[in-house]
Each structure stands twice: as structure tokens, then as C-alpha cells.
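The values are calculated or read from the model by the stated rules, or taken from the named source; none is laboratory data. Fair warning: this is a prediction, and the values are worked out from it, not measured in the lab. Counting neighbours? That spans all protein chains shown, and the Cβs are built from the backbone with ideal geometry, glycine included. Heads up: the accessible areas ignore ligands, DNA and RNA and are worked out on the full protein's heavy atoms, side chains in. Shrake-Rupley method; radii C 1.70, N 1.55, O 1.52, S 1.80 Å.
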Amino acid sequence: MKTDDYNDNNILIESLRNGDEKAYTYLIDSYHHKLCVYANSLVKNIYSAEDIVQNVFIKVWEQRARLKSDHAIKSFLYKLAYNEFIDLYRKNQSLFSLEKTYHDALNSVVLEDDSESFQHILKVVNKEIESLPPKCREVFILSKKEGLTNIEIAEHLDVSIKTVEAQITKAFSILRSSLEEKIKSVLFMFFGKKKKLGLS
């Protein structure tokens, strides 16, 4: 099959359905940059955009047997990219909810100028992170403390991006349930003590 033949939508899809790796490479070469530009217009973050596009091409390959020749591959790719953006948005909403709990707690400590309660909260948070399952903890730390992208973590640990996403989601689920009440308890303990002593 000549590369130029893949310009035909039907031939390209049929080749992908048959597991033609050259067709897959052609698809990536043709649409990677365009999809990155589109994804970046949605998320306003080049690293998140790259994660979205990476996931799009992974899904195309995984779902290649279900591709239909009467559907435009371009429209299919952009739809997948948009769906990935929506999934990322929903995950981030959950993430923001958890981070807001931390930020509200830490901001309260800063406003109260109470370094003792600040340090105590940090100990509580770090203790819960250290208590995460080993692989879950490793991925979470690489993502949230080291600042690596999902792609970088996947390459570093030699695992799939889906595995990375699953571990991060699992980590936040565990932390959300274990930390929210503990942080509230710490704040209540310290601020309640200060009020009793007439310090606030």
C-alpha cells in the first residue's frame, strides 16, 4: 500500500481495521499537530493537550475494529479529542474539590498565623499520602509533587497512560475520603483550643 493511498478515507479506515501499522503512523503524522492545537484551544495547557491527543490515538488503535468506512476519520478524531477534554474536565472538577479542601484549610491557618496547626495539617496530609498503596503512591507523587505529565509518568514507569490515570484517580478517591474529616478535626482542635484560651 502506498502512503498516498491513505488519503482516501475509506482505504485509511479499512487499513486501520486490518491493523495496518503504516496506516496508523500515517494517521498520527497527519493529525497529531492539528489535534494538539485543537485540544490546547480547549484546555489552555500544552501538556494536558498532549495527554488528550495521546489518549485519542491510543483509543483509535484499541477501537480500530469498530471503525466504519462511511464515517470521516477527521470528524471521529476531533470528537474523541472533545470527549477526552470532557473526561479531563470532570476529573479536574473532582480534583479541584479535593484541592479546595486543602486550600481552604491551609488558608485558614495562614490567616490565623498559626504555624503549629499548619505543620500539623502538612503531617496529616503527608501521612495519608505515604499510606497509599505503593504503586498508587508512586504515581501520585510523580504527578502532584514532581509535576510530571501523565505521558512522562507512563514512560518513566513503563506503563500505559490509562494505568497512570487510574492510579491518580484511585489516589484522589482514597485521599478525599480519608483527609476531609481529619483536616476539619485538626482545624477544630487548634482553633477551638485558641478560642478557649482567649487567643482569637
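Things worth noting here:
- Estimated at the nearest 10 Å², the accessible area of E152 is 80 Å² with a 1.4 Å probe.
- Of the residues I174, I168, the one with the largest accessible area comes first in the ranking I174, I168, computed with a 1.4 Å probe on protein heavy atoms.
- Between K44 and E138, the modelled label-to-label distance comes to 3.6 nm, taking each label 7 Å out from Cα in the direction of the beta carbon.
- Solvent exposure, largest accessible area first (probe 1.4 Å, DNA, RNA and ligands not counted), of T149, T163: T163, T149
- Each of H32, H156, H71 has its accessible area taken with a 1.4 Å probe; listed largest first, they run H156, H71, H32.
- Spin-label model, H156 to K127: label points 7 Å out along the Cα-to-beta-carbon direction sit 2.7 nm apart.
- The simple Förster model, with R0 at 25 Å and r as the Cβ-Cβ distance, assigns S30 and I86 a FRET efficiency of 0.55.
- Nearest-10 value in Å² for the accessible area of C36, using the 1.4 Å probe: 10 Å²
- Computed FRET value (nearest 0.05) for A166 with D70, which takes r as the C-beta separation and R₀ as 35 Å: 0.55
- With DNA, RNA and ligands ignored, accessible area of Y6 (1.4 Å probe; Å², nearest 10): 10 Å²
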